[in-house]
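Undergrad: I have a structure here, written as C-alpha coordinates, and I will follow up with some questions on it.
The values are calculated or read from the model by the stated rules, or taken from the named source; none is laboratory data. Just so it is clear, the model here is predicted, and its values are computed rather than measured. Every residue, glycine as well, gets a Cβ built from its backbone with ideal geometry; the counts of neighbours run over all protein chains shown. The area values use the complete protein model at the heavy-atom level, side chains included, leaving out ligands, DNA and RNA. Shrake-Rupley method; radii C 1.70, N 1.55, O 1.52, S 1.80 Å.
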Amino acid sequence: MTIHHYIGSAYELPIGSFGTEAKMIPLSEVISSNKNLKNLKDTLIEVYENEEDAYGIGINKLTSGYSDIKDKFTLPYIYELSCDMHPKSIRELFKYIEDRLVEGCKIELYSCLDGDESKEKDSNLDTVINLNALYFGKHYKLDKKKYIYELGEMFQFQDKQFVSVIK
(Lines give C-alpha, C1' and ligand atoms only; values in the text may rest on other atoms or scores of the structure.)
Protein backbone atom coordinates (compact mmCIF):
# COMPACT_ATOMS: atom_id res chain seq x y z
CA MET A 1 0.00 0.00 0.00
CA THR A 2 1.07 3.55 -0.67
CA ILE A 3 1.94 5.81 2.26
CA HIS A 4 1.38 9.52 1.80
CA HIS A 5 3.27 12.26 3.61
CA TYR A 6 2.05 15.77 4.31
CA ILE A 7 3.66 18.94 5.62
CA GLY A 8 1.90 21.84 7.33
CA SER A 9 3.00 25.36 8.13
CA ALA A 10 1.66 28.62 9.58
CA TYR A 11 2.73 30.37 6.37
CA GLU A 12 3.02 29.47 2.70
CA LEU A 13 5.94 27.24 1.74
CA PRO A 14 7.73 27.15 -1.60
CA ILE A 15 6.59 24.26 -3.78
CA GLY A 16 8.69 22.23 -6.18
CA SER A 17 11.58 19.76 -6.03
CA PHE A 18 14.45 20.25 -3.60
CA GLY A 19 17.75 18.49 -3.05
CA THR A 20 18.13 16.52 -6.25
CA GLU A 21 21.29 17.15 -8.23
CA ALA A 22 20.43 16.54 -11.86
CA LYS A 23 22.30 17.79 -14.89
CA MET A 24 20.46 18.63 -18.09
CA ILE A 25 22.24 17.23 -21.13
CA PRO A 26 21.24 16.78 -24.76
CA LEU A 27 19.77 13.40 -25.62
CA SER A 28 22.40 13.10 -28.36
CA GLU A 29 25.09 12.66 -25.66
CA VAL A 30 23.31 9.62 -24.26
CA ILE A 31 22.13 7.70 -27.31
CA SER A 32 23.95 6.50 -30.37
CA SER A 33 22.97 7.90 -33.71
CA ASN A 34 19.61 6.72 -34.87
CA LYS A 35 17.72 8.16 -37.83
CA ASN A 36 14.36 7.70 -36.06
CA LEU A 37 15.49 9.97 -33.20
CA LYS A 38 16.95 12.71 -35.39
CA ASN A 39 14.29 15.26 -34.34
CA LEU A 40 14.85 14.53 -30.63
CA LYS A 41 18.64 14.89 -30.48
CA ASP A 42 18.43 18.46 -29.12
CA THR A 43 15.98 17.43 -26.40
CA LEU A 44 17.42 17.91 -22.89
CA ILE A 45 17.11 15.11 -20.34
CA GLU A 46 17.92 14.85 -16.64
CA VAL A 47 20.97 12.77 -15.77
CA TYR A 48 22.36 12.01 -12.31
CA GLU A 49 26.03 11.41 -11.55
CA ASN A 50 25.09 8.73 -9.00
CA GLU A 51 22.04 7.23 -7.35
CA GLU A 52 22.16 9.49 -4.30
CA ASP A 53 21.91 12.61 -6.48
CA ALA A 54 18.41 11.49 -7.51
CA TYR A 55 17.09 11.61 -3.94
CA GLY A 56 15.40 14.75 -2.69
CA ILE A 57 11.92 15.92 -1.78
CA GLY A 58 8.93 17.39 -3.53
CA ILE A 59 6.45 19.85 -2.03
CA ASN A 60 3.15 20.14 -3.90
CA LYS A 61 -0.23 21.74 -3.37
CA LEU A 62 -2.71 19.47 -1.66
CA THR A 63 -4.74 17.45 -4.15
CA SER A 64 -8.48 18.03 -3.69
CA GLY A 65 -9.18 14.34 -3.03
CA TYR A 66 -6.98 14.44 0.05
CA SER A 67 -8.55 17.39 1.90
CA ASP A 68 -9.64 15.07 4.77
CA ILE A 69 -6.05 15.29 5.98
CA LYS A 70 -6.44 18.94 7.05
CA ASP A 71 -8.03 18.04 10.41
CA LYS A 72 -4.79 16.30 11.50
CA PHE A 73 -2.94 19.63 11.42
CA THR A 74 -3.10 22.67 13.69
CA LEU A 75 -1.63 24.87 10.93
CA PRO A 76 -3.47 26.35 7.91
CA TYR A 77 -1.11 25.63 4.98
CA ILE A 78 -1.02 21.92 4.14
CA TYR A 79 1.00 20.40 1.28
CA GLU A 80 1.70 16.96 -0.10
CA LEU A 81 5.26 15.85 0.59
CA SER A 82 7.13 13.43 -1.67
CA CYS A 83 9.95 11.93 0.34
CA ASP A 84 11.59 8.54 -0.08
CA MET A 85 12.79 6.63 2.96
CA HIS A 86 16.38 7.06 1.79
CA PRO A 87 18.63 8.93 4.29
CA LYS A 88 19.44 11.58 1.64
CA SER A 89 15.73 12.35 1.15
CA ILE A 90 15.22 12.64 4.91
CA ARG A 91 18.26 14.95 5.18
CA GLU A 92 16.86 17.09 2.36
CA LEU A 93 13.52 17.27 4.18
CA PHE A 94 15.15 18.55 7.36
CA LYS A 95 17.37 20.98 5.41
CA TYR A 96 14.21 22.30 3.75
CA ILE A 97 12.51 22.68 7.14
CA GLU A 98 15.59 24.25 8.79
CA ASP A 99 15.92 26.80 5.97
CA ARG A 100 12.26 27.84 6.10
CA LEU A 101 11.22 27.44 9.71
CA VAL A 102 10.89 30.80 11.43
CA GLU A 103 12.15 31.08 15.02
CA GLY A 104 9.29 30.45 17.46
CA CYS A 105 7.19 28.60 14.85
CA LYS A 106 6.66 24.98 13.96
CA ILE A 107 6.20 22.80 10.91
CA GLU A 108 4.08 19.68 11.15
CA LEU A 109 4.45 16.37 9.32
CA TYR A 110 1.90 13.60 9.01
CA SER A 111 1.93 10.23 7.23
CA CYS A 112 -0.82 7.73 6.53
CA LEU A 113 -1.74 4.99 4.13
CA ASP A 114 -3.66 5.95 1.01
CA GLY A 115 -7.36 5.99 1.87
CA ASP A 116 -6.77 6.45 5.62
CA GLU A 117 -6.73 10.26 5.56
CA SER A 118 -9.96 10.50 7.57
CA LYS A 119 -8.93 7.89 10.16
CA GLU A 120 -7.64 8.93 13.59
CA LYS A 121 -3.93 9.52 14.01
CA ASP A 122 -2.03 7.31 16.45
CA SER A 123 -1.23 9.65 19.36
CA ASN A 124 1.31 7.12 20.69
CA LEU A 125 3.48 7.93 17.66
CA ASP A 126 3.41 11.72 18.14
CA THR A 127 6.97 13.05 18.03
CA VAL A 128 8.60 16.43 18.61
CA ILE A 129 11.86 17.48 17.00
CA ASN A 130 13.27 20.64 18.57
CA LEU A 131 15.83 22.26 16.27
CA ASN A 132 16.84 24.88 18.87
CA ALA A 133 17.37 22.52 21.80
CA LEU A 134 18.51 19.82 19.34
CA TYR A 135 16.25 17.09 20.68
CA PHE A 136 14.64 14.28 18.69
CA GLY A 137 11.74 13.11 20.84
CA LYS A 138 12.16 13.43 24.59
CA HIS A 139 15.40 11.57 25.04
CA TYR A 140 17.75 11.83 22.08
CA LYS A 141 20.10 14.82 22.05
CA LEU A 142 21.29 15.73 18.55
CA ASP A 143 24.82 16.86 17.77
CA LYS A 144 24.98 20.59 16.97
CA LYS A 145 27.32 20.09 14.00
CA LYS A 146 25.68 17.07 12.39
CA TYR A 147 22.02 17.01 13.47
CA ILE A 148 20.71 17.04 9.87
CA TYR A 149 22.85 13.97 9.12
CA GLU A 150 21.67 12.27 12.33
CA LEU A 151 18.02 12.92 11.50
CA GLY A 152 18.62 11.49 8.02
CA GLU A 153 19.92 8.30 9.57
CA MET A 154 17.37 7.93 12.40
CA PHE A 155 14.06 9.46 11.34
CA GLN A 156 11.47 7.22 9.71
CA PHE A 157 7.90 7.99 8.75
CA GLN A 158 5.30 5.72 10.31
CA ASP A 159 1.67 5.20 9.43
CA LYS A 160 -0.60 7.68 11.29
CA GLN A 161 2.40 9.46 12.86
CA PHE A 162 2.24 13.18 13.63
CA VAL A 163 5.55 15.07 13.97
CA SER A 164 6.05 18.66 15.19
CA VAL A 165 9.32 20.29 14.23
CA ILE A 166 9.91 23.41 16.31
CA LYS A 167 12.56 26.10 16.34
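Undergrad: Taking amide H positions as placed in the peptide plane 1.01 Å from N, state which residues far from residue 129 in sequence (5 or more) or on other chains have amide H under 5 Å from it.
TA: Result for residue 129 returns 137, 164, 165, 166.
Undergrad: A further question follows. Can you list residues from other chains, or at least 5 along the same chain, whose modelled amide H is less than 5 Å from the amide H of residue 45?
TA: Placed amide hydrogens put 25, 27 under 5 Å from residue 45.
Undergrad: Here are some values of Rg and Dmax of the Cα atoms in Å: [x] 20.2, 69; [y] 18.8, 63; [z] 25.3, 115. Which one was computed from this structure?
TA: After the calculation, the listed value that fits is [y].
Undergrad: Suppose a student asked you for the relative contact order of region 54-167, using Cα pairs under 8 Å spaced at least 6 residues apart; what percent would you report?
TA: So the answer I get is 33 percent.
Undergrad: Given 0.36 nm per residue, what is the gain on full extension from residue 164 to residue 135 after removing their alpha carbon distance, in nm?
TA: Result: 9.3 nm gained on full extension.
Undergrad: Of the heavy-atom accessible surface of the chain (probe 1.4 angstrom), what whole percent is carbon and sulfur?
TA: Working: 4630 of 9790 Å².
Looking at the chain in its full context, I get 47 percent from C and S.
Undergrad: Stretched out fully, how many nm does the piece from residue 99 to residue 71 gain, at 0.36 nm a residue minus the Cα gap?
TA: Working it through step by step, the gained length comes to 7.5 nm.
Undergrad: A further question on this structure: Net charge near residue 48, counting Lys/Arg +1 and Asp/Glu -1 over other residues with Cβ under 13 Å of its Cβ?
TA: Around residue 48, the charge tally is -4.
Undergrad: Could I ask something else about it? Rounded to whole Hz and in sequence order, give me ³J(HN,Hα) for region 100-113 from the Karplus expression 6.51 cos²θ - 1.76 cosθ + 1.60, θ = phi - 60°, writing x for Gly and Pro.
TA: 10, 6, 7, 3, x, 10, 9, 10, 10, 10, 8, 10, 7, 5
Undergrad: Suppose all protein chains stay in the model; what accessible area per residue would a 1.4 Å probe give for the chain, in Å²?
TA: Values: 9790 Å² over 167 residues.
I get 59 Å² per residue for this part.
Undergrad: Given Cβ point charges of +1 (Lys, Arg) and -1 (Asp, Glu) and nothing else, what value in debye, to the nearest 20, does the dipole of the chain about its Cα centre take?
TA: Charge dipole of the chain: 320 debye, to the nearest 20.
Undergrad: Summing +1 for each Lys or Arg and -1 for each Asp or Glu, what net charge is found among the other residues whose Cβ lies under 13 Å from the Cβ of residue 143?
TA: It works out to a net charge of +2.
Undergrad: Below 13 angstrom from the Cβ of residue 123, what's the summed charge of the other residues (Lys, Arg +1; Asp, Glu -1)?
TA: So the environment of residue 123 carries a net charge of +1.
Undergrad: So what is the relative contact order for region 110-167, in percent, with contacts set as C-alpha pairs under 8 Å and at least six apart?
TA: The value is 54 percent.
Undergrad: I've got another one for you. Considering only DSSP states other than H, G, I, E and B, which GluC sites (Glu not before Pro) in region 89-146 qualify as loop sites with at most 11 other Cβ atoms within 10 Å?
TA: 103, 120
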